[in-house]
1. Among the residues of the stretch 190-197, are any within 20 Å of residue 138 (Cβ to Cβ), out of contact with any helix residue (DSSP H, G or I) (no Cβ under 8 Å at 6 or more places or on another chain), part of a loop (DSSP other than H, G, I, E, B) and without any contact (Cβ under 8 Å) to a residue 24 or more places away in the chain?
2. Hey, could you check the stretch 160-178 for residues that are part of a loop (DSSP other than H, G, I, E, B), in contact with a strand residue (DSSP E or B) (Cβ under 7 Å, 6 or more places away or on another chain) and modelled with pLDDT of 90 or more and say which is farthest from residue 126 (Cα to Cα)?
3. For the stretch 107-130, which residues satisfy the criterion of being closer than 25 Å to residue 218 by Cα and within 19 Å of the chain's Cα centre (by Cα)?
4. Among the numbered criteria (1) part of a helix (DSSP H, G or I); (2) farther than 18 Å from residue 152 by Cβ, which one does residue 214 miss?
5. Going through 110, 106, 123 one at a time, which residue ends up being at pLDDT 95 or above and more than 26 Å from residue 169 (Cα to Cα)?
6. Does residue 267 qualify as being part of a loop (DSSP other than H, G, I, E, B), at pLDDT 95 or above and over 24 Å from residue 45 (Cβ atoms)?
7. Hey, could you check the stretch 48-78 for residues that are modelled with pLDDT of 95 or more and part of a loop (DSSP other than H, G, I, E, B) and say which is surrounded by the fewest Cβ atoms within 10 Å (Cβ to Cβ)?
8. Against the condition outside any loop (DSSP other than H, G, I, E, B) and either out of contact with any helix residue (DSSP H, G or I) (no Cβ under 9 Å at 6 or more places or on another chain) or assigned by TED's automatic domain parsing to the domain that holds residue 213 (or both), how does residue 121 come out, does it pass?
């Protein structure tokens with residue numbers, strides 16, 4: 001199914017801001033890594049390129065990101081064409097030609113920062129195929145509770161994946177936190193993201209949904225650098241191992257990655 005609505009990369013990537021908080025924190029080591037920039041970029045065909053640059057921040061800093069890094073000259077190459085990004089806001093560098101990003105191309109980011117050449121690269125995967133939902137709408141009434149309760153399958157989401165490629169499912173709830181499905185709904189956000197572990201199906205049970213509502217379900221075909229960061233964030237309960245946070249940025253931290261998406265609708269009523 002084709003995407004029915006225009007989504008920005010920021011709309012689609014729900015959890016990356018939280019994951020990149022790990023990069024934003026200043027490392028507790030005595031070396032020059034604290035001067036390295038944090039890069040955040042998600043490339044998607046049909047969308048403008050947007051690269052955020054910001055400083056690492058102290059662990060005690062409660063802001064979401066470190067300060068923006070301004071005045072830099074960023075370039076991206078697809079192997080044959082080089083394009084220059086423009087700073088459209090403080091620390092945000094963009095390129096507006098939406099035809100530049102294409103399936104199968106490898107994109108390389110390059111810029112100089114404090115005497116270091118910062119680089120990163122990612123290959124644009126193909127668009128997901130045959131994404132479908134078994135049901136467009138399900139009415140759910142909770143009949144049992146507790147850790148030993150049997151969880152019924154509410155819905156099944158399927159897609160083609162003969163080569164066991166990486167996919168992530170993003171659930172965006174248009175109703176927000178208005179209708180909690182369980183007590184867990186009072187402790188979490190309405191939008192969430194699931195790693196499909198290279199499978200071609202997700203059996204959706206009530207325990208993955210914190211809220212009732214009208215969901216846009218986005219299937220992202222992603223690269224390994226995205227999965228590495230997602231797994232790293234999921235496995236961390238403290239900030240003690242920040243140095244080990246994965247990154248595909250040379251002479252920097254953060255992520256520069258490419259992905260493609262398809263979308264279906266699902267109502268949990």
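1. Yes, the stretch 190-197 contains at least one residue that is within 20 Å of residue 138 (Cβ to Cβ), out of contact with any helix residue (DSSP H, G or I) (no Cβ under 8 Å at 6 or more places or on another chain), part of a loop (DSSP other than H, G, I, E, B) and without any contact (Cβ under 8 Å) to a residue 24 or more places away in the chain.
2. 175
3. Here is the first cut: in the stretch 107-130, the ones closer than 25 Å to residue 218 by Cα are 107, 121-130.
Passing the criteria: 107, 121, 122, 123, 124, 125, 126, 127, 128.
4. Only one criterion in (1) part of a helix (DSSP H, G or I); (2) farther than 18 Å from residue 152 by Cβ is unmet by residue 214, namely (1).
5. Details: 106 fails: more than 26 Å from residue 169 (Cα to Cα); 123 fails: more than 26 Å from residue 169 (Cα to Cα).
None of the others qualify; the one that does is 110.
6. Details: part of a loop (DSSP other than H, G, I, E, B): no; at pLDDT 95 or above: yes; over 24 Å from residue 45 (Cβ atoms): yes.
No, not satisfied.
7. 71
8. On the way: outside any loop (DSSP other than H, G, I, E, B): yes; either out of contact with any helix residue (DSSP H, G or I) (no Cβ under 9 Å at 6 or more places or on another chain) or assigned by TED's automatic domain parsing to the domain that holds residue 213 (or both): yes.
Judged against the criteria, residue 121 is a match.
The values are calculated or read from the model by the stated rules, or taken from the named source; none is laboratory data. Since we're looking at a predicted model, the values are computed, not measured. Please note: Cβ atoms are built from the backbone with ideal geometry, for glycine as well, and neighbour counts cover all protein chains shown.
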